[in-house]
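Colleague: Just dropping this structure here.
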Amino acid sequence: MYLYSYFYRGLTFQWLVSNAIGYVAFLMISSEKEQPSTDPQWLNKAALRNYLKEFPEAQEAIALKRKDMPAVKVPKKEPVKSTQGII
């Protein structure tokens with residue numbers, strides 16, 4: 001994700017929506033669970049999210065991308081079973 005964000009650095013939201021809607025959809029989905037902060041990168045994502053609300057096509061692209069992206073699941077840690085008896 002960081003490699004692409006470097007490639008798209010400095011481009012306008014309009015350009016991103018017109019030319020890289022798949023990446024924009026990926027970015028919005030992958031950042032949904034981020035906690036709000038004052039980090040400039042987070043603020044830009046929040047501004048982009050608000051900008052996208054104006055475009056039904058962008059909302060549709062996000063919905064389609066959400067279907068394609070596998071849900072990220074955190075594996076449960078199972079307790080280690082001892083092979084030795086208690087002495």
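The values are calculated or read from the model by the stated rules, or taken from the named source; none is laboratory data. Everything quoted here is computed from the prediction, not taken from an experiment. Neighbour counts run over all protein chains shown; Cβ positions are idealised from the backbone, glycine included.
Colleague: Residues to consider are Lys53, Lys73, Lys81; find the one that is of a type outside the set (Val, Ile, Thr), at pLDDT 90 or above and surrounded by fewer than 11 Cβ atoms within 10 Å (Cβ to Cβ).
Modeller: After applying the criteria, what remains is Lys53.
Colleague: Now a separate question. Give all pairs with beta carbons closer than 7 Å in which a residue from region 13-31 that is closer than 14 Å to Glu57 by Cβ meets a residue that is surrounded by 12 or more Cβ atoms within 10 Å (Cβ to Cβ) and charged (D, E, K, R); count only pairs at least 6 apart in sequence or on separate chains.
Modeller: Gly22/Lys65; Ala25/Lys65; Met28/Arg49
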